Amino acid sequence: MAHNFAHGNYSHTQKKARSGGARTPKDRARRTLSQNFLVDRHAVDLVVKAAAPEGLVLEPGSGEGVLTRALAGAGAQVIGYEIDPRLAGRLASLTRDDPRID
């Protein structure tokens, strides 16, 4: 198996993923929505620097607002759009008092 893994053959892990494995309902929902969360502060800083935001910014898939808040902090007026109701509620509660974020 190490030989296959070393050469990029991950089929042994995919079987478990397709069968549901040991995933929780929350994890399955996250995967259904193709959610990936930005958690590296350095990566956030690089995105904000590259975007050089000013004026109005639309951020689709805002999640809990890590990038949303960083963009607002850099001077943008941010509209965050999140389809996951659990995350949208969390984002709203975290940014409720920030006039730069809708």
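The values are calculated or read from the model by the stated rules, or taken from the named source; none is laboratory data. Every value quoted in this text rests on a predicted model; they were computed, and no experiment measured them. Every residue, glycine among them, receives a Cβ derived from its backbone with ideal geometry; neighbour counts consider all protein chains shown.
State which residue is nearest to F37 (Cα to Cα) when the search covers only the range 48-101 and only residues that are aliphatic (A, V, I, L, M) and in contact with a Pro (Cβ under 7 Å, 6 or more places away or on another chain).
L71
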**Request:** Consider A76 carefully, then state whether it is modelled with pLDDT of 90 or more and farther than 30 Å from P25 by Cβ.
**Result:** yes
**Request:** Quickly run through the range 36-63 and pick out the residues that are over 24 Å from P85 (Cα atoms) and surrounded by fewer than 10 Cβ atoms within 10 Å (Cβ to Cβ).
**Result:** H42, A50, A52, G55
**Prompt:** Restricting attention to the range 45-73, which residues are over 24 Å from P25 (Cα atoms) and among the acidic types (D, E)?
**Reply:** D45, E54, E59
